4 protein chains.
Amino acid sequence: MKAVVYQGPRTVAVQDVPDAKVQEPLDAVVRITTTNICGSDLHMYEGRTAVEEGKVLGHENMGIVEEVGPGVTRVQVGDRVSVPFNIACGTCRNCTGGWTSFCLRTNPTEGMDGAAYGYANMGPYDGGQAELLRVPFADFNLLELPPGSEHENDFTMLSDIFPTGYHGTELAEVGPGDRVAVFGAGPVGLMAAHSAFLRGASQVFVVDKERDRLALAEQFGATAVDFSAGDPVEQILDATDGIGVDRGVEAVGWQAHDPSGEEHPELVLDNLVAVVRAAGSIGVVGVYVPEDPGVDDPSSAGKIGWDYGTFFTKGQRMGTGQAPVKRYNRQLRDLIVTGRATPGLIVSHEVGLDQAVDAYQRFDDREDGWTKVLLKPSA
Amino acid sequence: MKAVVYQGPRTVAVQDVPDAKVQEPLDAVVRITTTNICGSDLHMYEGRTAVEEGKVLGHENMGIVEEVGPGVTRVQVGDRVSVPFNIACGTCRNCTGGWTSFCLRTNPTEGMDGAAYGYANMGPYDGGQAELLRVPFADFNLLELPPGSEHENDFTMLSDIFPTGYHGTELAEVGPGDRVAVFGAGPVGLMAAHSAFLRGASQVFVVDKERDRLALAEQFGATAVDFSAGDPVEQILDATDGIGVDRGVEAVGWQAHDPSGEEHPELVLDNLVAVVRAAGSIGVVGVYVPEDPGVDDPSSAGKIGWDYGTFFTKGQRMGTGQAPVKRYNRQLRDLIVTGRATPGLIVSHEVGLDQAVDAYQRFDDREDGWTKVLLKPSA
Amino acid sequence: MKAVVYQGPRTVAVQDVPDAKVQEPLDAVVRITTTNICGSDLHMYEGRTAVEEGKVLGHENMGIVEEVGPGVTRVQVGDRVSVPFNIACGTCRNCTGGWTSFCLRTNPTEGMDGAAYGYANMGPYDGGQAELLRVPFADFNLLELPPGSEHENDFTMLSDIFPTGYHGTELAEVGPGDRVAVFGAGPVGLMAAHSAFLRGASQVFVVDKERDRLALAEQFGATAVDFSAGDPVEQILDATDGIGVDRGVEAVGWQAHDPSGEEHPELVLDNLVAVVRAAGSIGVVGVYVPEDPGVDDPSSAGKIGWDYGTFFTKGQRMGTGQAPVKRYNRQLRDLIVTGRATPGLIVSHEVGLDQAVDAYQRFDDREDGWTKVLLKPSA
Amino acid sequence: MKAVVYQGPRTVAVQDVPDAKVQEPLDAVVRITTTNICGSDLHMYEGRTAVEEGKVLGHENMGIVEEVGPGVTRVQVGDRVSVPFNIACGTCRNCTGGWTSFCLRTNPTEGMDGAAYGYANMGPYDGGQAELLRVPFADFNLLELPPGSEHENDFTMLSDIFPTGYHGTELAEVGPGDRVAVFGAGPVGLMAAHSAFLRGASQVFVVDKERDRLALAEQFGATAVDFSAGDPVEQILDATDGIGVDRGVEAVGWQAHDPSGEEHPELVLDNLVAVVRAAGSIGVVGVYVPEDPGVDDPSSAGKIGWDYGTFFTKGQRMGTGQAPVKRYNRQLRDLIVTGRATPGLIVSHEVGLDQAVDAYQRFDDREDGWTKVLLKPSA
């Protein structure tokens, strides 16, 4: 089958690789209909992770079940399914507690809980930017979708970024009437803004400097804040009678940068502490890492000197980490089916698998309008 | 001042009564701008409660602060305010725990916790269907509104029915993606449907037989179920592949009746138990009473033989009771201000205080289109 | 193998039956070391359910894993395990939401969600009052215990009654500082009292009329209330300055009876409504049924005319149903291991499987001191 | 009256000052029976805050109501009361939401929400290390205690450290069965350990290097970890099969130091991140500050470069800040009354007000055995 293979910093290739197969009794194989390029694929693409050369990338996958192992009793061949990026066993303590993002059994990497497809440090699993994908513990992991092809570009957001944005609002404890600030209008930030309104937010500010992304934020009903036009904290305080917001979502990560492009890993955290009210809460789904091979002192990346004294003085709370997709994807699917959620609004490009190399490069270059790219292996 | 006074079953009058005044250091007096007739006013009007003759009615009040006592430090003369129907001390155990609907100090009635304006069994307080209203513990009870007259017909729903409908969805634990059935498309049921969507419901069924009310439910995005056209449980099961709903809201009360108009107090509870899934939950904000002077054996009213065995077998949960308005009204106000909530949609009639007698009669007759009546004392 | 087989009302027999075997890839077979007789076994024994003749009884099971199917990867032969009474698939919507007591896939009975071993209406599964037990979806269902034989009589409570009593306190929302009333000092009621203290209750009243059971309640730190010595509601109100309790637990069920032994199915519910404060909550784990073959009009059993009007007026909440054991058993196991929980205190009798017939009869007769009976198949 | 007055770094004096009086209609004056010296008093004593010279210290107060203002209707002269250290208005948004530690109205300091008695940056209020104390908004703030003198040394912990320790366990989401690590065996850490068990923890590790404090931790049932004897993270991992704990509580603050006494503000946070499991949670009640006048660059104190990358990778959550005492003190009082909580166990010294100067010095020197000092103004 054809697949997108990582070959080193800023180099991917579409290659022939062996077909994905059922290897264990609980496996399924899914024929991919849509697989997205994610912002975190770019972390790997840019050489700022320890991902192995030869790995098939792609953790945002959906498709049709092609084959199931003998222990699979719920999912059936022909089912249309969304594949959560988390690979979870379904029976360990964390999985049964709802924390599939920290499965204790699927990732053999020392000291790491939680596995994923085609991802650095998250186990030996190939990704789904390919024609076929092997899915372990299929009955537990796969989410059924209505048959057919309707809502394909909405449903494809269920494997990662829609639940991830939603998780940001869950960690931030967003509730009815709240005012919310989302930092970052990339796909995850936009999904956080959409989710905040689904949870009843009265007003959502979205902070970014890219005009195309801010325009999308406004399409979701949010108030755009352009940080290249002035301090975003002041802009939000001005818009809220100096009170600030109840909740904040971090959707940027450790590569946070100022308008000039210089990286300041503490920048967004400091802004959130400043703009969220006392006793408010913050959800962090932008990625922070213990080590960054892309900087001089890799181990320095995890030590970020942000305004912790003010965080404590304001009595704020903060939740972090990768989303346990399975906790949210069924509910979000149902909102798509009834038309109340429309995450597919952010899709900017749909291309065949053979155009993946070009798509990676242009998405990484943040070319204007390249918000979200879908790969269609069967196209 | 002029006020609407209860004079006996199906008799109210607009009379001159002494002006409401500051009586205690923490009192305020509010000049009423809008005061609504509530469905529970009709329970009193119809003689099915123990309300005293001579009581000024009206617990859905808003207006402008006219005067404050010497211990009032937060609220100021001239503030535009919503008055929660609960009269709460703000310092007892229930008030500080968020249960202002069960204040331990403001209702001297033996065995009853919780007070209200112009209401049977809920203390000696006159209501606000009048020019002026005395508000005890004003700093605690009053909710500030933006100055001016904007959103008046939305804000007037904050004193009772919007928070009450919302409370139904809170008791029913409605969350994102849920399917919800609301029984009763009166004002409270409509507010419950509106609230369910604000909390992220994917689909809301509203059950009633009045076409004007069902049409309003559809305006809020709900799916109308006409129980005069067939068993509502079957209709909802048919619409959900036999699965039913995750959550149910009771917005009818003990006067539940079949399409012919005959009362069956267990009818709606049984329907809810049947239509809500195993492990689902039900919020009851329709009023049930321990005694009903309107029936032959008043004490029989509280003993309702509903399908409790099935309720247990399905492992359902149920929450009940009057809403603690203050827990929700600020958040709902903010949703009105930003335009995301539009409860005023249900207003059908606005009349002067002097037309109250006619309005009571026609609202009690359920005249076609008389969904929600506002009295404007200064009109 | 030998097993306890139901043969009709008040008749069980110890018989030779075919050995339990692995039938599906995800099955395990457990060699039973301890299996308890439960109060709900007596509902079947007394002929008040629809259980089939020939069924092997027993849903409170623990033992050593004897064999596993090819799809079992977590549990290993030789593991000492507790078997939750719920048979859950681990992958349906209810199981992944934590409601294993309402599994959507394991019970083929029309209209019933949730399966169990050796139980009326809960699927075709034989029970564990036998030498061997087949456990479906073993990786999901089985709880590992420390190897050896320590704490055997504590751990054996993890399959049902300790989590069930705990579930009563969870449904009742028991929290630190609360005063709690538990009705029924049978094994489940005693476990609810124990659980209430583990959750931080300041005082727990336990209501029963059997002196041996009340003495056990006192051993767990509770305050005994003998309802044969006077109205239990008055006794508790007297002990609480007329305030009552914050939370109530129902651990009696529809066969509730007065001191004379006459059944009044509404009795305990009415007492709970009376003794729990306004805005308080009630957890019901005593069994209520839609139909009772043991009474003249079976379908009348589910319609219970309790004080619903007062329940609403007091704004109380109520949760019901069978416990999802898996949600609590790991935590309770850990409390046993560190010595903070001692549920085995209630064990009154340990006998071999061959004495099961006699044990059933004496336990059903409520012989003095027969609180909790364990069967030891290998004894 | 006599009072303990701050006069500058490491200098306090017992002086005659004007009697505390009722100044506002909602004030009460309390005659102090017991007032404690708190670890955070030492932050001020050591000159590491901006507290004004001349301020009467003391925020851990209890006593008898001596006088009330005309707007006080609940509390009565002669009541025995505990005074929460938070001064809260009871009517602002944060107070009514349960966040009395961040009252929006009582602290005029720019940018600071929340007031306290005798405390740096927390408003112009004198403390209670004196004969009399003025209490604003008395009906809201004061907690009634049983009359008499019983449990005095337990009840005196209700004004601050018992609720503060408890808040640490609330922020850390401690629940039944959890394993917990508490860093710091000072009074707050010991109260956190006590609270963790009240919430059902199965095992609590307490980390410190002072033997007298570790011995007290063991009296509360905890497992002592002496960090001067080896890396505490390794010790706890060794004791938990390498798994670590579910929850962590920080009860040290920014002056965290290694065994040699050198300060490392990131030290305890890093240990907590390392020892808490993935998806676990951390409560921080040890004080961190935006600025520290006691170090060369005051503004550097708030920027702490701890292991944030690992915190994110493990998906941990963290809550922080001063405790809203009123949310917990009633429940904890009730646990003292029934004998289930015994916080007074930590009291090491009781002295008259005139011995306060000596007591401050010896407590600040961490003299062996000086765990918790009570001042008795009437002694």
Seminar exercise, completed: Selection from the range C:55-65 of residues of a type in the set (A, V, I, L, M) and either on the phi > 0 side of the Ramachandran plot or open to solvent by less than 10 Å² (accessible area, probe 1.4 Å) (or both) yields C:Val56, C:Leu57, C:Met62, C:Val65
Seminar exercise, completed: Every listed condition ((1) in contact with a strand residue (DSSP E or B) (Cβ under 8 Å, 6 or more places away or on another chain); (2) farther than 16 Å from A:Thr313 by Cα; (3) open to solvent by less than 20 Å² (accessible area, probe 1.4 Å); (4) not acidic (Asp, Glu)) holds for D:Gly321 save (2)
For this session: Sort through B:Ala356, B:Ala301, B:Ala341 and tell me the only one that's touching a His at 6+ places or on another chain (Cβ under 8 Å) and small (Gly, Ala, Ser).
Result: B:Ala341
For this session: Kindly indicate whether D:Lys372 is closer than 30 Å to D:Leu171 by Cα, open to solvent by less than 10 Å² (accessible area, probe 1.4 Å) and among the charged types (D, E, K, R).
Result: yes
Seminar exercise, completed: Note on the range D:324-343: residues open to solvent by less than 40 Å² (accessible area, probe 1.4 Å) and under 14 Å from the mean Cα position of the chain (by Cα) are D:Pro324, D:Val325, D:Tyr328, D:Asn329, D:Pro343
For this session: Find the residue count for the range B:1-20, including only residues that are in contact (Cβ under 8 Å) with a residue 60 or more places away in the chain and not in a strand (DSSP E or B).
Result: 5
For this session: Can you work out which of the residues in the range B:21-45 that are within 13 Å of another protein chain (Cβ to nearest Cβ) and outside any helix (DSSP H, G or I) is most open to solvent (accessible area, probe 1.4 Å)?
Result: B:Gln23
For this session: Counting only residues that are closer than 30 Å to C:Gly242 by Cβ, give me the helices (runs of 4 or more DSSP H) lying completely in the range C:112-196 with at least 1 of them.
Result: C:161-171
For this session: Please determine, by comparing only the residues of the range D:209-237 that are among the charged types (D, E, K, R) and over 25 Å from C:Gly200 (Cβ atoms), which one is most open to solvent (accessible area, probe 1.4 Å).
Result: D:Arg211
Problem set entry | Search result, residues across the range C:74-96 that are outside any loop (DSSP other than H, G, I, E, B) and either under 26 Å from B:Ile243 (Cα atoms) or of a type in the set (Ser, Thr, Tyr) (or both) | C:Ser82, C:Asn86, C:Ile87, C:Arg93, C:Asn94, C:Cys95, C:Thr96
For this session: Could you check how many residues of the range C:97-111 are more than 17 Å from A:Thr73 (Cβ to Cβ) and in a loop (DSSP other than H, G, I, E, B)?
Result: 6
Exercise. Are any residues in the range B:149-202 closer than 19 Å to B:Val347 by Cβ and charged (D, E, K, R), and if so, which ones?
Worked result: B:Glu150, B:Glu152, B:Asp154, B:Asp160
Problem set entry | Subset of the range B:275-301 [assigned to a helix (DSSP H, G or I) and open to solvent by less than 30 Å² (accessible area, probe 1.4 Å)] | B:Val275
Exercise. Taking the range C:70-89 on its own, how many of its residues are hydroxyl-bearing (Ser, Thr, Tyr) and within 12 Å of another protein chain (Cβ to nearest Cβ)?
Worked result: 1
Exercise. Residues in the range B:266-297 that are among the aliphatic types (A, V, I, L, M), out of contact with any helix residue (DSSP H, G or I) (no Cβ under 6 Å at 6 or more places or on another chain) and over 19 Å from B:Gly321 (Cβ atoms): how many?
Worked result: 2
Exercise. Of all residues in the range A:66-79 being within 20 Å of A:Ala130 (Cβ to Cβ) and in contact with a helix residue (DSSP H, G or I) (Cβ under 8 Å, 6 or more places away or on another chain), which is surrounded by the most Cβ atoms within 10 Å (Cβ to Cβ)?
Worked result: A:Val68
Problem set entry | Failed item in (1) within 14 Å of chain A (Cβ to nearest Cβ); (2) open to solvent by less than 10 Å² (accessible area, probe 1.4 Å), with B:Ala359 passing the rest | (1)
Exercise. Is there a residue being under 21 Å from A:Ser159 (Cα atoms), charged (D, E, K, R) and touching an Asp or Glu at 6+ places or on another chain (Cβ under 7 Å) anywhere in the range A:368-379?
Worked result: yes
Seminar exercise, completed: Of the candidates A:Glu150, A:Glu144, A:Glu170, the one satisfying the condition of being more than 14 Å from chain B (Cβ to nearest Cβ), of a type in the set (D, E, K, R) and either under 16 Å from the mean Cα position of the chain (by Cα) or over 19 Å from A:Gly58 (Cβ atoms) (or both) is A:Glu150
For this session: Filter the range C:92-115 down to residues that are touching a residue at least 24 places away in the same chain (Cβ under 8 Å) and closer than 22 Å to C:Pro25 by Cβ, then give me how many there are.
Result: 4
Exercise. Which of (1) in contact with a Pro (Cβ under 7 Å, 6 or more places away or on another chain); (2) more than 9 Å from chain B (Cβ to nearest Cβ); (3) over 23 Å from C:Gln203 (Cβ atoms) does C:Tyr328 not meet, given it meets every other one?
Worked result: (3)
Exercise. Tally time: how many residues in the range A:334-356 are in a loop (DSSP other than H, G, I, E, B), away from every other protein chain (no Cβ under 14 Å) and of a type in the set (A, V, I, L, M)?
Worked result: 1
Seminar exercise, completed: Across the range A:256-265, the tally of residues that are of a type outside the set (A, V, I, L, M) and either in contact with a helix residue (DSSP H, G or I) (Cβ under 8 Å, 6 or more places away or on another chain) or at pLDDT 95 or above (or both) stands at 3
Exercise. Going by the structure shown, is A:Ala50 open to solvent by 10 Å² or more (accessible area, probe 1.4 Å) and part of a strand (DSSP E or B)?
Worked result: no
Seminar exercise, completed: From the option list C:Glu110, C:Glu144, single residue qualifying as of a type in the set (Asp, Glu) and at pLDDT 95 or above is C:Glu144
Exercise. Of the residues that make up the range A:302-311, is at least one open to solvent by 20 Å² or more (accessible area, probe 1.4 Å), under 30 Å from D:Val287 (Cα atoms) and either more than 12 Å from every other protein chain (Cβ to nearest Cβ) or at pLDDT 95 or above (or both)?
Worked result: yes
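The values are calculated or read from the model by the stated rules, or taken from the named source; none is laboratory data. All figures in this text were calculated on a predicted structure; none of them were measured in a lab. With ideal geometry, Cβ positions are generated from the backbone for all residues, glycine too; neighbour counts draw on all protein chains shown. Areas reflect the complete protein model, heavy atoms only, side chains present, ligands, DNA and RNA absent. Shrake-Rupley method; radii C 1.70, N 1.55, O 1.52, S 1.80 Å.
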